[in-house]
1. When only residues in the range 188-218 that are among the small types (G, A, S) and out of contact with any Lys or Arg (no Cβ under 9 Å at 6 or more places or on another chain) count, which is modelled with the highest pLDDT?
2. When you look at D399, is it modelled with pLDDT under 95 and either surrounded by 15 or more Cβ atoms within 10 Å (Cβ to Cβ) or aromatic (F, W, Y) (or both), yes or no?
3. So, in the range 187-224, how many residues would count as being open to solvent by 20 Å² or more (accessible area, probe 1.4 Å) and either among the hydroxyl-bearing types (S, T, Y) or part of a helix (DSSP H, G or I) (or both)?
4. Could you list all residues from the range 32-51 that are at pLDDT below 70, touching an Asp or Glu at 6+ places or on another chain (Cβ under 8 Å) and open to solvent by less than 80 Å² (accessible area, probe 1.4 Å)?
5. I'd like to know if the range 156-164 contains one or more residues that are small (G, A, S), buried (at least 16 other Cβ atoms within 10 Å of the Cβ) and either more than 28 Å from A240 (Cα to Cα) or modelled with pLDDT under 75 (or both).
6. Out of curiosity, is E319 open to solvent by 10 Å² or more (accessible area, probe 1.4 Å) and within 16 Å of the chain's Cα centre (by Cα)?
7. For the range 279-290, what are the residues that are outside any helix (DSSP H, G or I) and open to solvent by 10 Å² or more (accessible area, probe 1.4 Å)?
Amino acid sequence: MLAPSAAAASSADVEEAKFTPNHMLVDQLSRNPSAIHELPDGRPARMPRPEAVAAINEIMTGLFPGVDLAAINGGHLDERELGRYERGEVHWPSKYRRAALRAFLDAQSDQDLGFFRSLALQPVLADDRKTGKSTVDRGADVAAAGMPPVSHPRRSSTVNGSTAHPARVYDYWLGGKDNFAADREFADAITRRFAWVPKAARANRDFRVRAVRAVAEAGVRQFLDVGTGLPSPGNTHEVAQELAPDARVLYVDNDPLVMVHSRALMVGKPEGRTAYIEADVRQTGVILGDPVFAQTLDPKQPVCLMLAAVLHFIPDLTEAQRAVRTLVEAVAPGSYLVISHGTPDFVTAQEAAEYERMYASGETVARTRTKADIESFFTGLEVLEPGFVAVSDWRPTDDSGGRPTPHDVSLYGVVARVP
């Protein structure tokens, strides 16, 4: 799903977007002396951009020896890109470039360089590993009672309403009420450019319902729904337990507001069980190691892994592949993998180019991917018919001709079985 950021501008100023210079980065670069050039009095001159770029690329090569930086998006830096960073046209370079810039400028964090992500699937977990302590965990008691944990050992403590979050933006596109002004503003900025996005959100939700129903009809009684979003009609446990009252569903999301509303996800059939973990999709160890996971699901039995409209918030394909592979390897044969993912394959070349411009400038953080990239998530799995299609075309129930076209959803929907 397309997702905007704080830099999103209205369609009227796409061509004349104004950017705020990254003064923090400019200042640090200006204080970096050249190893080659001197001032007339013999003091080192400011390091010119070509020298800085060469030094940054050399550091990057040393930090990532196994990565073909010349072939990947966001690899080796050039003078033009560094200039864009200084002018504030890019808020969030690739992880390779950020790491090299931190090392080059001896910065402790990306924020020290003026880099930020205003809308991202960021970890929201408190790092209690430093102290070895945690807050009160009543997971065992409340899970047995069919209620969400009141206090989670890694639960974030606050809801940030000033920054848009994918779960709340998605809720707004679905017509929900659990969102803030920042979410609505960012969502509207995207919709002004791509008017079909709310339709895509609804089509994705319908795909989830059909996929859950198909997997439940195949006999699966356990569901791990990662990136579930805010409660809305057609929640995974509602669909699964309608067909199988004893179905067990574990929800995972990283927005504290989802945690606040998670009680709505806990009201299921008494024969089954529903539970919730606050975690990031990239933190597979946290998800699989959480006691609530063991209390809710049995990985020795088939599990349906739901990753709907969530993987495109992981910018790096390798990192997204690693998350999927880790989850798939943790479940039993006969399990299923359900993925929906944003793609440029169904839109016009002009629309794809505009979206890439927005992504490069930090106006959106959803990394759309082609069919070839999305196929990599399903290596070794048995993809169900009809294969790699738009979410609206995956086993549709509406044959009236009124369902959205692939262009109007711009999302692949795929379901596969773990052999």
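1. Step by step, filter the range 188-218, then rank; the result is A216.
2. So D399 does not fit the description; no.
3. Number of matching residues: 13.
4. Those that are at pLDDT below 70, touching an Asp or Glu at 6+ places or on another chain (Cβ under 8 Å) and open to solvent by less than 80 Å² (accessible area, probe 1.4 Å): P44, A45.
5. Looking for residues that are small (G, A, S), buried (at least 16 other Cβ atoms within 10 Å of the Cβ) and either more than 28 Å from A240 (Cα to Cα) or modelled with pLDDT under 75 (or both), one finds at least one in the range 156-164, hence yes.
6. For E319, the condition - open to solvent by 10 Å² or more (accessible area, probe 1.4 Å) and within 16 Å of the chain's Cα centre (by Cα) - is met.
7. Matches in the range 279-290: R282, Q283.
Residues checked against (1) under 18 Å from G342 (Cα atoms); (2) among the β-branched types (V, I, T):
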site	(1), (2)
V169	yes, yes
W173	yes, no
A181	no, no
F186	yes, no
I190	yes, yes
N204	yes, no
R221	no, no
T228	yes, yes
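The values are calculated or read from the model by the stated rules, or taken from the named source; none is laboratory data. This one's a predicted model, so the numbers in the text were calculated from it and none came from an experiment. Note: ideal-geometry Cβ built from the backbone for every residue, glycine included; neighbour counts use all protein chains shown. What goes into the accessible areas is simple: the full protein's heavy atoms, side chains included, and nothing from ligands, DNA or RNA. Shrake-Rupley method; radii C 1.70, N 1.55, O 1.52, S 1.80 Å.
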